[in-house]
Amino acid sequence: MRGLIAAAFFGSEAFIPLLLTTRYGWSLNAAGLALTASALMWSAGSAIQARLKGQCARRRGLTAGFAAMAAGLSVSLLSVAMGWPPLLAVAGWALTGLGIGLSFPMLSVLTMQLSRPDEQGRNASALQLSDALASSAALALAGLLLHARAQPSAPPDTLPILAMSILLALAGAWISPRAFGAGAKAESGLEAASRQKA
């Protein structure tokens, strides 16, 4: 899941300034504001996930993070495809930042919780390696997609790249409930039973 979220986010992040400068004529400074907005929302998402208590709430938060990434990327894609104002693309990318803020640190904490003390260093390294390999593979594929659809008289086509990232985020949302295993389902059942008794 860490590989999926890293590939979905970083596979598109490199092309957001390119999109804003070539298609909408923004300056590099203005395009950088989109990355700043996403970084701020990443911080907000990370703060939110830190306040989630219990496996059930954290499982939902993890899925919500992936779903927010998919939704934000979809808004950015639609804003480009439909010719909507570029600020919508920036808003979509900010929502993507919120999503990764919810999910990324949660997976780090979960990995450490599931690791024996003598495994924590190796598993933390495995997370970092997964992030690097998955994001590198996504960036390489994104470059190939960009090159394959390049036209001399048209701005670079980033729609396939955004679509690829959406699919990766949706795949993460689909498998994310498995991260917490049966414990979260059991806790969810206990919460439902207590509500019925109340």
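Looking only at the range 137-155, count every residue that is open to solvent by 70 Å² or more (accessible area, probe 1.4 Å) and part of a helix (DSSP H, G or I) and tell me the total.
Within the range 137-155, the subset open to solvent by 70 Å² or more (accessible area, probe 1.4 Å) is 141, 144, 147-149, 151-153.
Within this subset, residues satisfying the condition of being part of a helix (DSSP H, G or I) are 141, 144, 147-148.
Qualifying residue count for the region: 4.
Scan the range 70-80 and give yes if some residue there is modelled with pLDDT of 90 or more and either within 12 Å of M106 (Cα to Cα) or surrounded by fewer than 15 Cβ atoms within 10 Å (Cβ to Cβ) (or both), otherwise no.
Initial filter on the range 70-80 (modelled with pLDDT of 90 or more): 70-80.
Those still in the list that are either within 12 Å of M106 (Cα to Cα) or surrounded by fewer than 15 Cβ atoms within 10 Å (Cβ to Cβ) (or both) too: none.
No: zero hits.
What is the one condition in (1) small (G, A, S); (2) open to solvent by 70 Å² or more (accessible area, probe 1.4 Å); (3) within 20 Å of M112 (Cβ to Cβ) that A179 does not satisfy?
(2)
Residues that are over 24 Å from A171 (Cα atoms) and aliphatic (A, V, I, L, M): list the helices (runs of 4 or more DSSP H) wholly contained in the range 1-105 that include at least 3 such residues. So that I can check it myself, show each step before the final result.
Details: elements: 2-13, 16-22, 28-50, 55-81.
By residue number, 16-22, 28-50.
What pairs can you find where one residue is in the range 7-35 and more than 14 Å from T96 (Cα to Cα), the other is part of a loop (DSSP other than H, G, I, E, B) and of a type in the set (A, V, I, L, M, F, W, C), and their Cβ atoms are less than 8 Å apart, with a gap of 6+ or different chains?
From residues that are more than 14 Å from T96 (Cα to Cα), the pairs are L20/W26.
For (1) small (G, A, S); (2) at pLDDT below 95, each residue gets a yes or a no:
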site: T22; (1), (2): no, yes
site: G45; (1), (2): yes, no
site: A94; (1), (2): yes, no
site: I100; (1), (2): no, no
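Could you grab me the full set of residues in the range 93-120 that are more than 14 Å from L62 (Cβ to Cβ) and either without any contact (Cβ under 8 Å) to a residue 60 or more places away in the chain or open to solvent by 20 Å² or more (accessible area, probe 1.4 Å) (or both)? Break it down stepwise before answering.
Of the residues in the range 93-120, the ones more than 14 Å from L62 (Cβ to Cβ) are 93-97, 112, 115-120.
L95, M112, S115, R116, P117, D118, E119, Q120 - these are the residues of the range 93-120 that are more than 14 Å from L62 (Cβ to Cβ) and either without any contact (Cβ under 8 Å) to a residue 60 or more places away in the chain or open to solvent by 20 Å² or more (accessible area, probe 1.4 Å) (or both).
Looking only at the range 82-134, how many residues end up being of a type in the set (S, T, N, Q) and under 23 Å from L19 (Cα atoms)?
Going through the range 82-134, the residues of a type in the set (S, T, N, Q) turn out to be 96, 103, 108, 111, 113, 115, 120, 123, 125, 128, 130.
Still in the running and under 23 Å from L19 (Cα atoms): 96.
Residues meeting the conditions: 1.
The values are calculated or read from the model by the stated rules, or taken from the named source; none is laboratory data. On a predicted model such as this, the values are computed, not experimentally measured, just so you know. Cβ atoms come from the backbone with ideal geometry, glycine included; neighbour counts cover every protein chain shown. Only protein heavy atoms, including side chains, enter the accessible area calculation; ligands, DNA and RNA are left aside. Shrake-Rupley method; radii C 1.70, N 1.55, O 1.52, S 1.80 Å.
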